[in-house]
Amino acid sequence: MAEAHPLRTYATTWVALLALTIVMLSLESAALPRGLFVSLMVAAMLAKASIISAYFMHLRFERVSLVAMIVIGLLVTATVLYVLIVPDARRIHDMAVGQTMGARP
Amino acid sequence: MTQATAHAIDRWGGGTCPFEAGWRKVMMWSFIITDGLLFAGFLASYGYARLLGGGWPDQSQVFSVPYIAAMTFVLISSSATMAAAVQAARDRQRPATIRYILLTAAGGAIFLGMQAFEWEHVIEAGMRLGQNPWGDAAFGAYFFLITGFHGTHVATGLIVLLSTALRSAKGASSPEGVEMAGLYWHFVDLVWVFIFTLFYLV
């Protein structure tokens, strides 16, 4: 059980987070195709976020009901929020573009 | 009825503690969810502004990536010392708890100082809320909004850390109190992971 040596777990967590950060920084300087680069970065970002919440924030050792409330609640609401912004962003953007074009003689 | 079902009903059928966590922890997590949604909203809005707008600047020309990496290193390390502080508080080692909390606060202060320096640098280069020399006018607005809100959270965290250290020194702080300060501090680190990736690197 990881809780037997908490300080060691935290040290490992710290090293893992730093290693992932270094990987991300080296990807930044490597000339990768845009789509692959963004996918790898987002994957590394989500891995870091999971490591922080699981070990630093102890979610790995909490009851499943609490973890479900936090993870499902946050992910679903964030996704809905994100999806709802699309049409509005498009609309405002089209309005702005329309105004610029209308201003021309 | 299987034993597992009986166990579940025992917990949920009018159970008083379905999360097996104290009210402080449940409330702190509820706060973290809502506060996380604030940043999710900012980042979603930033994503669409960037996709729909024209000519988003190349961040590596505006910011120094090694400098931002150093800020990230400081914040991740302060999160690690905070985890050690929570453990020391659980083990009832008061001097170690205070030492680790102060170390964490020092990390937070260094991070804030570095951010202030970065703001000064970009403002001198001509970045404003509505304009900047590099590209899309919204770039400045999103930079100040997102890093500003995150910096405010770090500053709030510093106050929480210092008051927790003070309370621990007086013997007034419970291990759970230190743990809640820790949860908030890790959350600030968590948000930075998203900002660092989505705003500075991608």
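The values are calculated or read from the model by the stated rules, or taken from the named source; none is laboratory data. Note that the structure is predicted; figures quoted are calculated from it, not measured. When we count neighbours, we look across all protein chains shown, and the Cβ atoms used for this are built from the backbone with ideal geometry, even at glycine. Accessible surface is based on the protein model in full, side chains and every heavy atom, while ligands, DNA and RNA are left aside. Shrake-Rupley method; radii C 1.70, N 1.55, O 1.52, S 1.80 Å.
Some values worked out for this structure:
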| quantity | calculated |
| --- | --- |
| Check on B:F39, modelled with pLDDT of 95 or more, open to solvent by 40 Å² or more (accessible area, probe 1.4 Å) and facing chain A (nearest Cβ under 10 Å) | no |
| Count - residues of the stretch B:127-161 that are of a type outside the set (A, V, I, L, M) and surrounded by 15 or more Cβ atoms within 10 Å (Cβ to Cβ) | 15 |
| In the stretch B:117-126, the residues that are open to solvent by less than 60 Å² (accessible area, probe 1.4 Å) and either within 12 Å of B:Y67 (Cβ to Cβ) or part of a helix (DSSP H, G or I) (or both) | B:E118, B:V122 |
| The stretch B:15-35: number of residues that are part of a helix (DSSP H, G or I) and either open to solvent by 30 Å² or more (accessible area, probe 1.4 Å) or more than 14 Å from A:L74 (Cβ to Cβ) (or both) | 9 |
| Any hit, the stretch B:159-168, residues being free of Cβ contacts under 8 Å to residues at least 40 places away in the same chain and of a type outside the set (A, V, I, L, M, F, W, C) | yes |
| Criterion: assigned to a helix (DSSP H, G or I), open to solvent by less than 10 Å² (accessible area, probe 1.4 Å), within 30 Å of A:R34 (Cα to Cα) and touching a residue at least 60 places away in the same chain (Cβ under 8 Å) - qualifying residue of B:I68, B:I101 | B:I68 |
| Any hit, the stretch B:53-60, residues being part of a helix (DSSP H, G or I) and either more than 12 Å from chain A (Cβ to nearest Cβ) or surrounded by 13 or more Cβ atoms within 10 Å (Cβ to Cβ) (or both) | yes |
| Exclusive hit being without any contact (Cβ under 8 Å) to a residue 60 or more places away in the chain, touching a helix residue (DSSP H, G or I) at 6+ places or on another chain (Cβ under 6 Å) and aromatic (F, W, Y), set B:F144, B:F187, B:F117, B:F111 | B:F111 |
| Residue within the stretch A:17-24 that is of a type in the set (V, I, T), at pLDDT 90 or above and in contact with a Lys or Arg (Cβ under 9 Å, 6 or more places away or on another chain) present | yes |
| Extreme residue, surrounded by the most Cβ atoms within 10 Å (Cβ to Cβ), among residues of the stretch A:21-45 that are more than 9 Å from every other protein chain (Cβ to nearest Cβ) and assigned to a helix (DSSP H, G or I) | A:L40 |
| Pick from the stretch B:72-98, criterion assigned to a helix (DSSP H, G or I) and more than 19 Å from A:T12 (Cα to Cα), ranking: nearest to the other protein chains (Cβ to nearest Cβ) | B:R90 |
| Options A:A89, A:A4, A:A78: the member that is exposed (fewer than 12 other Cβ atoms within 10 Å of the Cβ), at pLDDT below 95 and among the aliphatic types (A, V, I, L, M) | A:A4 |
| Some residue of the stretch A:81-100 being facing chain B (nearest Cβ under 7 Å), in a helix (DSSP H, G or I), touching a Ser or Thr at 6+ places or on another chain (Cβ under 8 Å) and closer than 30 Å to B:R90 by Cα | no |
| The stretch A:51-67: number of residues that are of a type outside the set (A, V, I, L, M), facing chain B (nearest Cβ under 10 Å) and either open to solvent by 50 Å² or more (accessible area, probe 1.4 Å) or without any contact (Cβ under 8 Å) to a residue 24 or more places away in the chain (or both) | 6 |
| Options B:R90, B:R94; residue that is open to solvent by 40 Å² or more (accessible area, probe 1.4 Å), under 24 Å from A:R63 (Cβ atoms) and touching a residue at least 60 places away in the same chain (Cβ under 8 Å) | B:R90 |
| Given (1) farther than 20 Å from B:F196 by Cα; (2) open to solvent by 10 Å² or more (accessible area, probe 1.4 Å); (3) within 12 Å of chain A (Cβ to nearest Cβ); (4) β-branched (V, I, T), number of the condition B:T164 does not satisfy | (3) |
